[in-house]
Amino acid sequence: MSLKNTYILGIESSCDDTAAAVLLNGEILSNVVASQAIHESYGGVVPELASRAHQQNIVPVVDQALQKAGVSTTDLDAVAFTQGPGLMGSLLVGTSFAKSLAYGLEIPLIDVNHMQAHILAHFIEEDGYNKPPFPFIAMTISGGHTQIVRVDDYFKMTVIGETIDDAVGEAFDKSGKILGLGYPAGPEIDKRAKLGNPKAFKFTKPKVKGLNFSFSGLKTAILYFVQKQVKENPQFIKENLNDICASIQYTIVGILMDKLKLAVSETGINHIAIGGGVSANSGIRYALKKAESQHGWTSYLPAFEFTTDNAAMIAIVGYLKFQKKQYADQSIMASSRLKI
Ligand code: KG4
Ligand code: ZN
């Protein structure tokens, strides 16, 4: 076996974070993220503004990642980049940059599926972190996706459930908007939920067959509920904000856990890993830890820096593909609807 050190540069630009990371043999040397604050005032990501910001950020972010890692471009063995899914304009910036860099350095170019990366982030080499054994169930929960995936091997993944409308992150963000919270509202709802009563208000869970999810009905139910209450008491939101947030979070976590229970009973697999922005949520993390003693599951919760979009997860997939010599060629294009 070769003992040569492998340096991989990962580049992520699928949505509103421009990120670059350098990994040495799967271990992080640097992990830099430039988030785009510009979208906050619009209450959501504006695609055209996102791609412009990526163009401004990409060179300084990659430069910073190399500097922090203490490596130069000539040390790199490969450049890995997010091919999709994501916003086309955003993806194009990272894709073009990665292609040119790999071409100029005459090193392999490696395409990465962003959703696979959220799952394979669990394989970043970290002291004291237990990696999930194959097969395991992964639940990717973010602002753009909600999927349950059966993972039989690094690149043998099957989507066994997904949302038929909104993603779970959107359920948090849109509920937050109804309550007058800023964008993205997920972290704020989480913070307030810790101070409120989760059983103060009851929202009906959607009835969707099998392992699929639906969140748009919940958003509408919350909207009608709040409108009705505010009619009776204009101060309703202000006076009950923590309880409303706790109740919303309790309902959403309940929906996620119900589907996971079904996935475990259908597959017989009880190793559960989560990924994506919503995997930072304290409610789902607590529920999964509790399920260890309650149901005998083993749960794998990513470190907070790997929950939201980052390039270390892109670089680890690059490292895994590099070992198999699965390279892309210069004809590769960004793919906004790339599937697992
Ligand atoms: O994975 P991500 O950074 O971007 C993509 O959507 O791909 O996820 C962002 C989403 C947003 O909807 C945000 O509100 C949500 O993750 N989020 C949270 C928390 N932290 C981030 N939702 C609930 N609780 C949190 N602590
Ligand atoms: Zn993501």
> Which ranges mark the strands (runs of 3 or more DSSP E) fully within region 65-159 that have 2 or more residues being under 20 Å from Tyr300 (Cβ atoms) and away from ligand 2 (no atom under 16 Å from the Cβ)?
Replying inline: 136-141, 146-153
>> With the structure loaded, tell me whether Glu266 is outside any loop (DSSP other than H, G, I, E, B) and without any contact (Cβ under 8 Å) to a residue 24 or more places away in the chain or whether it fails that test.
In response: no
> In region 183-202, which residues are modelled with pLDDT under 95 and closer than 16 Å to Ile141 by Cα?
Replying inline: Pro184
> With respect to Ile164, is the statement that it is hydrophobic (A, V, I, L, M, F, W, C) and in contact with a Lys or Arg (Cβ under 7 Å, 6 or more places away or on another chain) true?
Replying inline: no
>> I'm checking my understanding of the structure. Among residues of region 291-340 that are free of Cβ contacts under 8 Å to residues at least 24 places away in the same chain and hydroxyl-bearing (Ser, Thr, Tyr), which one is nearest to Lys68 (Cα to Cα)?
In response: Ser331
> Taking the condition touching a residue at least 12 places away in the same chain (Cβ under 8 Å), among the aliphatic types (A, V, I, L, M), open to solvent by less than 40 Å² (accessible area, probe 1.4 Å) and assigned to a helix (DSSP H, G or I), does Ile237 pass?
Replying inline: yes
> Which pairs have Cβ atoms under 9 Å, sit 6 or more apart or on different chains, and link a residue in region 205-228 that is under 16 Å from Tyr250 (Cβ atoms) to one that is hydroxyl-bearing (Ser, Thr, Tyr) and assigned to a loop (DSSP other than H, G, I, E, B)?
Replying inline: Pro206/Ser214; Leu218/Thr204; Ala221/Thr204
> Quick check: is even one residue across region 48-59 within 16 Å of ligand 2 (Cβ to nearest atom) and in contact with a helix residue (DSSP H, G or I) (Cβ under 8 Å, 6 or more places away or on another chain)?
Replying inline: yes
> Out of region 306-340, which residues are within 16 Å of ligand 1 (Cβ to nearest atom) and loosely packed, with under 15 Cβ neighbours inside 10 Å?
Replying inline: Arg337, Lys339
> Of all residues in region 24-61 being out of contact with any Phe, Trp or Tyr (no Cβ under 7 Å at 6 or more places or on another chain) and part of a loop (DSSP other than H, G, I, E, B), which is least open to solvent (accessible area, probe 1.4 Å)?
Replying inline: Gln36
> Name the residues in region 320-340 that are over 24 Å from the mean Cα position of the chain (by Cα) and outside any loop (DSSP other than H, G, I, E, B), would you?
Replying inline: Gln323
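The values are calculated or read from the model by the stated rules, or taken from the named source; none is laboratory data. For clarity, every value in this text was computed on a predicted model and none was experimentally measured. For neighbour counting, all protein chains shown are included, and Cβ atoms are generated from backbone atoms with ideal geometry for every residue, glycine included. In case anyone asks, the SASA skips ligands and DNA or RNA and just uses the protein heavy atoms, side chains included. Shrake-Rupley method; radii C 1.70, N 1.55, O 1.52, S 1.80 Å.
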